[in-house]
Amino acid sequence: MKLFFSIFIIFVVSCASNPENNKSNKYLSAKDEESVEKILGQNISKSVDLYPIPNTNIEVPKKVYELPLPKQYFSSEENNELRLHKLGEIRWIYLSLEPSKAWPMLQEYLNENSDLNISKANPETGEIFTKEIERNNLKNRFVFKVESGLQRESTEIFISNEVLNGSAWRKNSEDDEYIKSVSTEILNGLSEMGSVTGTSLVALNLNSTNKTEVFVDKDGFSKIRLMVNFPRAWSALQRTLTIAEFNINDFDREEGVFITEIKSEEGFFGRGDTKEIKIFVEKIAQNETIISVFMEEQDKEIVQEIISQINQVLS
């Protein structure tokens, strides 16, 4: 009896473990022997197709679509580059960091300097005012303006000194050596702070302003729009052409033109070919200028390449 029971148990287990006896696998051996109409019991030709497949035989319009070029953005260098610039009475420090990262750096440095402690700061406008100090029997203070640079992820910190005249503050342009020494100290102090990874959430809005835009005019030529005044745009372009190794043969600031000569490699003008071009800086408004390259209609691709090179180095 025990032997019979054991054989029965083995038989049941083998049947249960056989995939062919599993109902879930019956579809593997199923055969399509009946039509859909017979299964449904109705003529499917009269049925309404609620999800029709669209006709794929539609002729595609023979049109050529020209996709616009993406906007060009060039970020500043990965290393924390700092430079001190001067244009007339304007001084500013360039940093290869976003304004929201430069903002807390500048605040930290100023608060550690007894002569430049912060009186008030406005992250909405990017302005920082220091406390009043006595110098040459006059009350004076420094004002810093943090703005986006010409390159993405770069910052410009404008530095000015003001003296109290009665009840109003006026810009001090007479103590140039003092302003220069303070500006240099700030530059050195920021450079000693090393790399920065943190960012100021209250100053994030300062990152949203773009001073540079590459666009194509109605004739199809690439140009650069700068949201700075003419002197600043002229100085920036002159520096850019030098860094990009353009050969400047001549220039006329009154006309706003640089005359350059490029000897290119194969694939640009042709091997060993030299071509003279004119690069213009045009004042549009008080704080708006346009950089353009004057060349013939057939040279649009060359203009695009030159504008791209300028935009990549512009700062």
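With a cut-off of 10 Å between beta carbons, the residues surrounding L84 carry a summed charge of +4, where Lys and Arg count +1 and Asp and Glu -1. Computed from label points 7 Å out along Cα-Cβ, the spacing between K131 and V216 is 5.7 nm. One chain, two ends: I118 and N205. Fully extended at 0.36 nm per residue, the span grows by 29.2 nm beyond their Cα-Cα distance.
Two numbers describe the Cα atoms of the stretch 211-313: Rg and Dmax, which are 13.2, 42 Å.
Along the stretch 133-140 the Karplus relation, 6.51 cos²θ - 1.76 cosθ + 1.60 evaluated at θ = phi - 60°, assigns HN-Hα couplings of 9, 8, 8, 6, 6, 10, 7, 9 Hz to successive residues, with x for each Gly and Pro.
Classified by the C-alpha gyration tensor, the stretch 162-263 has a prolate form. Its axis ratio a/c, with a ≥ b ≥ c, is 1.5 or above, and a/b is larger than b/c.
Between D250 and Q298, residue separation times 0.36 nm minus the direct Cα-Cα distance comes to 14.8 nm. Summing Lys and Arg as +1 and Asp and Glu as -1 over all other residues whose Cβ lies under 14 Å from the Cβ of S208 gives a net charge of -3.
If each residue of separation counts as 0.36 nm, what is the full-extension length gain between D273 and K171 once their alpha-carbon separation is subtracted?
Numbers: separation 102, 0.36 × 102 = 36.72 nm, distance 5.17 nm.
Going from the current span to full extension adds 31.5 nm.
A short reminder: the numbers here are calculations on the coordinates, not readings from a lab. In this text, all values refer to a predicted model and were calculated from it rather than measured experimentally. Reconstructed Cβ throughout: ideal geometry from the backbone, glycine too, with neighbour counts over all protein chains shown.
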